[in-house]
1. Tell me, what is the per residue accessible area of region 47-92 in Å², probe radius 1.4 Å?
2. So if I place +1 on the C-beta of Lys and Arg and -1 on the C-beta of Asp and Glu, and nothing else carries charge, what would the dipole magnitude of region 58-120 be about its Cα centre? I want it in debye, nearest 20.
3. Kindly report, to the nearest 10 Å², the accessible surface of residue 45 as traced by a 1.4 Å probe over protein heavy atoms only.
4. Evaluate E = 1/(1 + (r/R0)^6) for residue 61 and residue 114, where r is the Cβ-Cβ distance and R0 equals 25 Å; express this FRET efficiency to the nearest 0.05.
5. Expressed in whole Å with the largest first, what are the equivalent ellipsoid semi-axes of region 51-102 derived from the C-alpha gyration tensor as the square root of 5 times each eigenvalue?
6. Would you calculate the convex hull of the Cα atoms in the chain and tell me its volume per residue in Å³?
7. Given the -39500 (n - 2.57) contribution per DSSP H run of 4+ residues, what per-residue ellipticity at 222 nm results for the chain, rounded to the nearest 500 deg cm²/dmol?
8. Along the charge dipole of region 45-120, Cβ charges K/R +1 and D/E -1, which of 114, 49, 103 sits furthest on the positive end?
Amino acid sequence: MGLPATGRIRSQQTFQSLRRPAGRARSGAVRAAFVAPDSAQTDLFPLVGYTIGRRCGSAVRRNRIRRRLRAAASIASGKLAPGSYLLGADAEVQDLGFPQLVVAVREAMTQAAHRARSRS
């Protein structure tokens with residue numbers, strides 16, 4: 001059994017640190033925030049959380065966006081740095097085709113991690 005492509009953020013401390021992330025980026029309708037793993041974190045894969053605001057529509061639409069982001073992040077995570085990512089989306093993400101969503105997620109996550117590493 002192999003490692004999962006992405007994991008879930010379960011720690012409240014991680015969510016607190018993502019309030020003031022080391023790196024942020026945006027690619028189209030997708031936003032990403034990144035925090036490098038601390039020394040106690042032993043995960044070898046990215047941990048991802050999702051934030052979808054009410055501006056995106058009803059709960060049904062927000063959940064659909066979250067599922068699409070989760071699938072796109074799983075595909076895009078192959079070459080991402082380990083750490084914690086928080087993905088957000090605007091309402092326009094509903095109009096993107098899935099290949100364009102995967103590209104936007106990959107670019108936002110990669111840029112956020114790069115900006116965090118360049119600040120250090």
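The values are calculated or read from the model by the stated rules, or taken from the named source; none is laboratory data. Keep in mind the model is a prediction, meaning the values are calculated, not measured. Glycine gets a Cβ as well: all are built from the backbone with ideal geometry, and neighbour counts include every protein chain shown. Quick note on the areas: whole protein, heavy atoms, side chains included, nothing else; ligands and nucleic acids left out. Shrake-Rupley method; radii C 1.70, N 1.55, O 1.52, S 1.80 Å.
1. Here the residues of region 47-92 average 52 Å² of exposed surface.
2. Here region 58-120 has a charge dipole of around 260 debye.
3. Accessible area, nearest 10 Å²: 40 Å².
4. The computed FRET efficiency comes out at 0.20.
5. 20, 13, 8
6. Hull volume normalised by residue count: 109 Å³.
7. So the calculated ellipticity at 222 nm is -12500 deg cm²/dmol.
8. Of the candidates, 49 comes out farthest on the positive side.
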